[in-house]
1. Restricting to the range 72-100, name every residue that is hydrophobic (A, V, I, L, M, F, W, C), touching a Ser or Thr at 6+ places or on another chain (Cβ under 6 Å) and not in a strand (DSSP E or B).
2. For residue 58, are the conditions met, namely being part of a strand (DSSP E or B) and surrounded by fewer than 19 Cβ atoms within 10 Å (Cβ to Cβ)?
3. Can you name every one of the strands (runs of 3 or more DSSP E) wholly within the range 162-213 that holds 2 or more residues which are within 13 Å of residue 151 (Cβ to Cβ) and of a type in the set (Phe, Trp, Tyr)?
4. For the range 23-80, which positions are of a type in the set (Ser, Thr, Tyr), farther than 24 Å from residue 184 by Cβ and without any contact (Cβ under 8 Å) to a residue 12 or more places away in the chain?
5. Return the residues of the range 246-263 that are more than 16 Å from residue 105 (Cβ to Cβ), of a type outside the set (D, E, K, R) and surrounded by fewer than 19 Cβ atoms within 10 Å (Cβ to Cβ); say none if nothing qualifies.
6. For the range 143-157, name all the residues that are of a type in the set (S, T, N, Q) and assigned to a strand (DSSP E or B).
7. Has the range 211-234 got any residue that is without any contact (Cβ under 8 Å) to a residue 24 or more places away in the chain and surrounded by fewer than 22 Cβ atoms within 10 Å (Cβ to Cβ)?
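No lab work stands behind these numbers, since they all come straight from the coordinates. A quick note: this is a predicted structure, and the numbers were derived from the prediction, not measured. A quick note on method: Cβ atoms are made from the backbone with ideal geometry, for glycine too, and the neighbour counts reach across all protein chains shown.
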Amino acid sequence: MKFSLFLALSCLSLTSAELPRAGLMVDLDAAKGTTLDAEGRVTTWTNQAGPASLRSFVGQPKGRVEASSGLPTPVKGSPAALSFRQQELVCHDEDALDGLIRGDGCTWVTVLKVYPQRVGLKDVNSFFGNLRNGQKYEGLWGCLDDDNTVWWGARNGLTFGRFDVNNPKLVGPKLAEGRFHVLAGRLGAGQGEVLAEFFVNDLKACATARFPINPLADASKLAVGQERDAIQHPGKESFDGEIARFLLWNRPLTDEELKLVFEILR
């Protein structure tokens with residue numbers, strides 16, 4: 001038994017090291033890098049990759065009646081996870097991820113579990129995003145409808161429309177509660193129109209869209225558990241659920257690399 005456990009842990013360490021490192025900007029792993037307050041709530045989630053300016057995802061007390069009400073809590077289990085209940089952690093680097101929607105492309109992958117969603121802004125329950133907090137809200141966001149139908153999209157700042165040619169909504173299936181799901185979004189690199197793809201528990205895209213690149217798009221701070229640094233109404237557009245892992249590359253991974261990531265996270 002001890003040998004089997006040692007072998008399993010050794011294999012886990014080996015596969016973790018095999019993640020594609022080129023362009024890896026964010027690696028949030030609930031099994032490491034969390035700082036807790038006296039009440040056991042997460043005040044900081046330390047990013048295991050990327051530049052120093054992206055390392056700290058911290059609680060955002062602004063706009064909340066109770067400052068600590070926006071902090072998630074750790075959940076023990078396999079995998080370990082953080083439980084978000086209309087809460088968020090924010091990285092305060094304003095500029096590091098602007099290139100994702102300006103033509104660099106990107107790939108994000110997350111392992112999450114959903115709870116029933118509470119009423120906030122209808123059908124916007126976000127598990128991550130770096131939308132600009134105002135103007136035309138350009139950036140990336142991953143969300144759930146109120147019934148846990150999952151979707152993601154990119155916004156280029158050319159129009160304000162909630163969903164239009166400049167703000168596509170890539171819709172996936174309704175996620176079952178009580179289990180973890182592997183979700184991924186990939187945005188092509190280049191100028192003009194690029195391909196956006198959505199993957200849910202499978203390497204065959206469940207939704208695609210064309211996304212027009214705006215080289216002047218100005219995204220903002222990256223938040224997990226929320227679609228932006230929403231200090232005017234924190235929690236209103238946040239999701240209820242658990243995040244075990246969140247990864248973000250500032251390039252589109254190849255099909256082979258994406259397959260490897262899925263294999264590791266499963």
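1. Matches in the range 72-100: 96 only.
2. Judged against the criteria, residue 58 is a match.
3. Passing ranges, in order: 193-200.
4. Scanning the range 23-80 gives a single hit, 35.
5. 260, 262
6. 149, the sole residue that qualifies.
7. The answer is no, given that none of the residues of the range 211-234 is without any contact (Cβ under 8 Å) to a residue 24 or more places away in the chain and surrounded by fewer than 22 Cβ atoms within 10 Å (Cβ to Cβ).
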